[in-house]
Amino acid sequence: MRKPAKSEHNGLAPIREDGRVLIEVHVAGACIRVVNGRWKLLAAKRTDQRSLYPGKWECGGGQVRRGEDFASAIKRQIFEEFGLNVAPYQIVEEYSIPIQGSVIPGLRWLCIASAGRVRLNPREFSRYQWVDFPVPKLDWIGGLMETLNRISLPRAEAFILPADAISDIETPKAAAPMRPGFVSKIS
């Protein structure tokens, strides 16, 4: 029997049914809401205890769970982290998070945030603010500010919310207490 060349398939590579090769996949959001005819972006500062990018500003997201599609994952993640319901609008980019000789692949979504107050998950974020485009110079995760400023925003007139839905928009907030049972199991 001929020995396969290194570039050939040898029948020994693990396949899905083996259950041996597991990867971590992420989704990230860029959640926007119209205020006074202009789009505002939800930005949040990661706690200093986070293993990836402690103290940096971002827009939320995290791991995709087994059995979830990407749109369901971003809706769950944003609700777990901010207490907001969102509608995934479009994919903004594919990205990679470098970790210990590997990468975590991900998809960043532009999401339309529904009415309601932000309720931060204090295990993940220490504060938040709704910011204008172009986004301000905060201590963002590397490359994120540039990505956010390249987003083509939809026409704001089609997404105007009632005034009582935006009462938490204008001033930055510290982490508010979460309602009972509002727990994120993914960091």
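The values are calculated or read from the model by the stated rules, or taken from the named source; none is laboratory data. Predicted, not measured: the structure shown is a model, and the values here were computed from it. Here Cβ is always computed from backbone atoms with ideal geometry, including for glycine, and neighbour counts include all displayed protein chains. All accessible areas refer to the heavy atoms of the entire protein, side chains included, with ligands and DNA or RNA removed. Shrake-Rupley method; radii C 1.70, N 1.55, O 1.52, S 1.80 Å.
Structure summary
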quantity: Residue in region 39-60 that is buried (at least 20 other Cβ atoms within 10 Å of the Cβ), modelled with pLDDT of 95 or more and not in a strand (DSSP E or B) present; calculated: yes
quantity: Answer residue from region 122-136, given it is closer than 15 Å to residue 55 by Cβ and part of a loop (DSSP other than H, G, I, E, B) and is most open to solvent (accessible area, probe 1.4 Å) among those; calculated: 123
quantity: Residue tally, condition open to solvent by 30 Å² or more (accessible area, probe 1.4 Å) and in contact (Cβ under 8 Å) with a residue 40 or more places away in the chain, over region 96-107; calculated: 3
quantity: Cβ pairs under 8 Å, 6+ apart, first in region 127-155 and more than 25 Å from residue 98 (Cα to Cα), second acidic (Asp, Glu); calculated: 130/168; 130/170
quantity: Residue in region 66-82 that is at negative phi, open to solvent by 30 Å² or more (accessible area, probe 1.4 Å), assigned to a strand (DSSP E or B) and touching a residue at least 12 places away in the same chain (Cβ under 8 Å) present; calculated: no
quantity: Region 137-164, residues that are outside any loop (DSSP other than H, G, I, E, B) and open to solvent by less than 60 Å² (accessible area, probe 1.4 Å); calculated: 140, 144, 145, 147, 148, 156, 159
quantity: Residue check, residue 110 over 13 Å from the mean Cα position of the chain (by Cα) and outside any helix (DSSP H, G or I); calculated: no
quantity: Any chance residue 119 is in a loop (DSSP other than H, G, I, E, B), surrounded by fewer than 15 Cβ atoms within 10 Å (Cβ to Cβ), of a type in the set (Lys, Arg) and under 16 Å from the mean Cα position of the chain (by Cα); calculated: no
